[in-house]
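Report on the structure given below.
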Amino acid sequence: MKNPIILAVDDEPEVLNAVVRDLRRHYGQDYRVLKASSGEEALETVRELKRRGLPLALLVVDQRMPGLDGTEFMVEALKIYPSCRRVLLTAYADTDAAIAAINDVGLDHYLLKPWQPPEERLYPVLDDLLFDWAARARPESSGLRVAGTRLSSVCYRLREFLSGNQVPYQWMDVEDSAEVREMVAAVAGDPPRLPVVFLEDGTALVQPDPRELAERIGMQTRPREPFYDLVIVGGGPAGLAGAVYAASEGLRVVLVERAALGGQAGTSSRIENYLGFPSGLTGADLANRASAQARRFGAELLMTQEVVELTREDPYRIVRLSDGSELRCYAVLFTPGMEVRPLEAPGVEEHLGAGVYYGAALTEAAAYRDRDVFVVGGANSAGQGAMFFSRTARSVTLLVRGEGLHAMSQYLVDRIEEAPNVHVRTGTELVGVQGDGRVQQVVLREVGSDASQAVPADALFIFIGARPRTEAVAGVVERDEDGFILTGRDVMVDGRRPRGWTEDRDPLPYETSVPGVFAAGDVRHGSGKRVASAVGEGSATIGLVHQYLRTV
């Protein structure tokens, strides 16, 4: 990939030259730093970069400029480069405009002028943003190429796996190119079995399963050690936090994740109430930062493996994986999170990947630009998804079965009410999906009514809740009637310790009914069901793991 572009924009020549000087000094080896002295000139530069097919990584833009101000410029620039990172330069008096820009253009950061010294006030911020951009950038000529058809659930799942794990790849649609069809037919027959993955070494994989693909592209799928102090089950916020703290404190730790790091939170288009990130961050950004941190401290992250059974051979705990292998350890932290609850309605399953998606499905945003999108759900994840798609879709209709947005945070309710192309239909349920090979209509019904209505639609994104993924420990640890794991005082019945308890003490906080087996995050009975609380629980559990390990 050609060196990506950083574009600096300011109408004051001295300020602009100082910004460019500092940017080139720190980033000149890996990025091209360009400048523009007005919003209009910058917009023409952005259009020219797009015509030439050059990657734009970062905008550093002054807010107060005559003509097109910083926020107005970014609104237009994001229509051309929606994934570039954006930073606003402001005076102290302009901070209200910067806060408004967070909502208007999804601003990543704002910096108060002057930013000296740049080593403290400029580079750390931009380093993070460029790291995130590079992790999610899709090079025009990537070593990994995926051929398939967009209206295919199998192809969709593969693309989601790669995107969820932030693996760059080039998508090639067989319906758009005779050359691609010839390439595919040579290795996958005619009609071809799709998808086909072309690897950098020249070989191809036909309809690979996630583990086969993960191994070929260098992901760790097998443990390196025969024994661990701690096995963490699940790579969501709680599990990643546990891995960071356990590894940083010297424990031999391995984390097992079946799909993609970040869990459900990793699919969030924007987490806006996470402490310390006033502009919010995507779930993918959070997962990327946390996994890099865990690996830096020495944690192993085992991908495409699912835990199917937990057994106890005191003082050891044995975690059995889906490929038949076992992980032996002293302690287990169970943080598998939640799995989406399927929507039972005619046509939903048949159109999965062809207009019907569970979660935000960020890879599909570009496909539904200027289209009519429907979102099902009334909680925060649905609201975040609706606001994400509102940036590119012609219209977004939020379908809520209840009579209001009572389950949604107020900041999201306010933003939805302000968005001109987001419409809310309360007291409405989805009862069907119709289409010929792709979604063309959704069938809606008012709650309590027998009459239904078919409405034109291009896509449907479903956020109707989730259930705890605790089948692997059923019958081993105590759960509540909904399948959530009981911990700490909740496993005590009338002041008595749980049956099978062998320790001369009560269960520790976050400890289950089996000594040395802990639970944190959304699967734990009584948890906060928020990203921040999951991170806190995963971190706090490690101190208790140390306490337990001193007894074995």
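The values are calculated or read from the model by the stated rules, or taken from the named source; none is laboratory data. Keep in mind that this is a model prediction, so the values were computed, not measured. No Cβ is skipped: glycine too gets one built from the backbone with ideal geometry, and neighbour counts run over all protein chains shown. Heads up: the accessible areas ignore ligands, DNA and RNA and are worked out on the full protein's heavy atoms, side chains in. Shrake-Rupley method; radii C 1.70, N 1.55, O 1.52, S 1.80 Å.
With a 1.4 Å probe and every protein chain left in place, work out the accessible area per residue of region 197-277 in Å², rounded to a whole number.
Solvent-accessible surface per residue comes out at 42 Å².
Can you tell me, using C-alpha contacts under 8 Å and at least 6 residues apart, the relative contact order of the chain as a whole percent? Numbers along the way, then the final one.
On the way: 1144 pairs, mean separation 57.0, N = 552.
Relative contact order, the chain: 10 percent.
Going by the alpha-carbon gyration tensor, a ≥ b ≥ c the square roots of its eigenvalues, is region 1-135 rounded (a/c under 1.5) or, if a/c is not under 1.5, prolate (a/b greater than b/c) versus oblate?
Values: a/c = 1.33, a/b = 1.09, b/c = 1.22.
Here region 1-135 falls in the rounded category.
Rank 450, 176 by accessible area, highest first, at a 1.4 Å probe radius?
Working: 450 150, 176 125 Å².
Correct descending sequence by accessible area is 450, 176.
Please report the spacing between the Cα centers of region 287-342 and region 442-471 in Å, no decimals.
Cα centres, region 287-342 to region 442-471: 33 Å.
Expressed as a whole number of Å, what is the distance separating the alpha-carbon centroids of region 477-552 and region 32-71?
53 Å
Does region 205-257 classify as rounded, prolate or oblate by the C-alpha gyration tensor (a ≥ b ≥ c root eigenvalues; a/c under 1.5 gives rounded; else a/b over b/c gives prolate, otherwise oblate)?
In terms of gyration-tensor shape, prolate.
What FRET efficiency, computed as 1/(1 + (r/R0)^6) with R0 = 30 Å and r the Cβ-Cβ distance, is obtained for residue 131 and residue 366, rounded to the nearest 0.05?
Numbers: r = 23 Å, r/R0 = 0.76.
Efficiency computed from Cβ-Cβ geometry: 0.85.
Quick one: which of 79/529; 2/35; 50/113 span more than 23 angstrom between C-alpha atoms?
Details: 79/529 34 Å; 2/35 18 Å; 50/113 30 Å.
Flagged as over cut-off: 79/529; 50/113.
How far is helix 70-80 tilted, in degrees, relative to the longest principal axis of the Cα atoms in the chain, given as a value from 0 to 90 rounded to the nearest 10?
Compared with the principal axis, the helix lies near 80 degrees.
When ligands, DNA and RNA are left out and all protein chains stay put, how many square angstrom of accessible area per residue does region 1-123 have with a 1.4 Å probe? Present the calculation step by step, with values, prior to reporting the outcome.
Numbers: 5810 Å² over 123 residues.
Accessible area per residue: 47 Å².
In terms of the Cα gyration tensor, with a ≥ b ≥ c the square roots of its eigenvalues, is region 124-232 rounded because a/c is under 1.5, prolate because a/b exceeds b/c, or oblate?
oblate
Calculate for the chain the 222 nm mean residue ellipticity that helices alone would give, adding -39,500 (n - 2.57) per DSSP H run of length 4 or more and normalising by residue count, nearest 500 deg cm²/dmol.
The helix-only estimate for the chain comes to -9000 deg cm²/dmol at 222 nm.
Tilt of helix 13-27 relative to the longest C-alpha principal axis of the chain, in degrees (0 to 90, nearest 10)?
Compared with the principal axis, the helix lies near 40 degrees.
If you take Rg/Rh (Cα atoms, Kirkwood Rh) from the coordinates, which of [x] 0.96; [y] 0.98; [z] 1.03 do you get?
[y]
How much length is gained if the chain between residue 48 and residue 328 is pulled fully straight, taking 0.36 nm per residue apart and subtracting their Cα-Cα distance, in nm to one decimal?
Contour length minus Cα-Cα distance gives 95.1 nm.
Please work out the average accessible area per residue across region 380-463, using the 1.4 Å probe convention, and give it in Å².
That works out to 46 Å² per residue.
Place the peptides 243-255, 16-28 in order of packing, highest mean first, counting for every residue the other Cβ atoms within 10 Å and averaging per peptide. Provide the component values of the computation, followed by the final result.
On the way: 243-255: 22.8, 16-28: 17.6.
The packing order, highest mean first, is 243-255, 16-28.
Expressed as an acute angle from 0 to 90° and rounded to the nearest 10, what is the orientation of the C-alpha long axis of helix 153-164 relative to the principal long axis of the chain?
Helix 153-164 sits roughly 90 degrees off the main axis of the chain.
Rounded to the nearest 0.05, what FRET efficiency do residue 505 and residue 339 give with R0 = 35 Å and r taken as the Cβ-Cβ distance? Could you check?
That pair, residue 505 with residue 339, gives E of 0.55.
Roughly how far apart, in whole Å, are the Cα centres of region 2-21 and region 210-277?
Going from one Cα centre to the other spans 38 Å.
Carbon and sulfur: what percent of the chain's accessible surface (1.4 Å probe)? Before the final figure, lay out the partial values.
Values: 11640 of 24550 Å².
Carbon and sulfur together cover 47 percent of it.
Between residue 121 and residue 295, what FRET efficiency comes out of the Förster formula 1/(1 + (r/R0)^6) with R0 = 22 Å and r the beta carbon distance, rounded to 0.05?
0.20
What number, in percent, do you get for the relative contact order of region 382-508 if the mean sequence gap of Cα pairs under 8 Å and at least 6 apart is divided by its residue count?
15 percent
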